[in-house]
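Input: a single structure, listed below in structure tokens.
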């Protein structure tokens, strides 16, 4: 069965969040219009890339200082309609708005669902700040390999069996 695509002109809210213990967290991206709530499963690395890309845009355009963060908690029910495969982000200087396009992660040969929404500069500033906090709340990176400490219960691959 094909997943559901969506196309929102302007969202009332965009947020991200994680559920579970560090090391076993599931990450979500949520967008809300006045009438609809869409939750998507997203990888931590994708969220990190999105946050870094937003910071890059903010460094190149005149951005008003970010105010107090709105409530960024995920809304229930957190039922992802699909998992994000890849995303693109564009910023319109004229409209001071972001356009986000998402494509579902599917098996080769399957038709992916797509998602599209527009969000304001302040909405995306809040998303970037919140995402940075979420990412840093995970397991600290290993000083030797850069992977998360605990290595899923194993030993750092850099040690290669030598202690």
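What follows draws every value from the coordinates through simple rules; no lab data is involved. No experiment lies behind these values; they were computed from the predicted model shown. Note that each Cβ is placed from the backbone with ideal geometry, even for glycine, and that neighbours are counted across all protein chains shown.
For residue 94 and residue 53 in the same chain, what is the full-extension length gain: residue separation times 0.36 nm, less their Cα-Cα distance, in nm? Can you show the working numbers first?
On the way: separation 41, 0.36 × 41 = 14.76 nm, distance 1.90 nm.
Extra length from residue 94 to residue 53 when fully extended: 12.9 nm.
Could you tell me the calculated FRET efficiency between residue 4 and residue 144, based on Cβ-Cβ distance and R0 = 45 angstrom, to the nearest 0.05?
Numbers: r = 43 Å, r/R0 = 0.96.
For R0 = 45 Å, the calculated efficiency reads 0.55.
Hey, quick one: spin label on residue 132, modelled 7 Å out along Cα-Cβ, who in the range 67-101 has an amide N within reach, i.e. under 15 Å?
Correct set: 67-70.
Ranking request for peptides 29-35, 69-75, 119-125: highest mean number of other beta-carbon atoms within 10 Å first, then the rest in descending order. Each step should come with its number before you reach the end.
Numbers: 29-35: 16.6, 69-75: 12.7, 119-125: 19.1.
With the highest mean Cβ count within 10 Å placed first, the list reads 119-125, 29-35, 69-75.
State whether the range 1-72 is rounded, prolate or oblate according to the following rule on the C-alpha gyration tensor (a ≥ b ≥ c being the square roots of its eigenvalues): a/c under 1.5 gives rounded; otherwise a/b larger than b/c gives prolate, and the remaining case gives oblate. Mind showing how you got there, number by number?
Numbers: a/c = 1.68, a/b = 1.21, b/c = 1.40.
Judged from the Cα gyration tensor, the range 1-72 comes out oblate (a/c at least 1.5, b/c at or above a/b).
Here are labelled values, (1) 12.2; (2) 9.1; (3) 10.0, and one is the computed mean projected area of the Cα convex hull in nm² for what I pasted. Which one?
Identified label for the calculated read-out: (1).
Length gain on complete extension for the stretch residue 60 to residue 12, per 0.36 nm per residue less the alpha carbon to alpha carbon distance? It would help to have the intermediate numbers written out before the result.
On the way: separation 48, 0.36 × 48 = 17.28 nm, distance 2.51 nm.
Gain on stretching residue 60 to residue 12: 14.8 nm.
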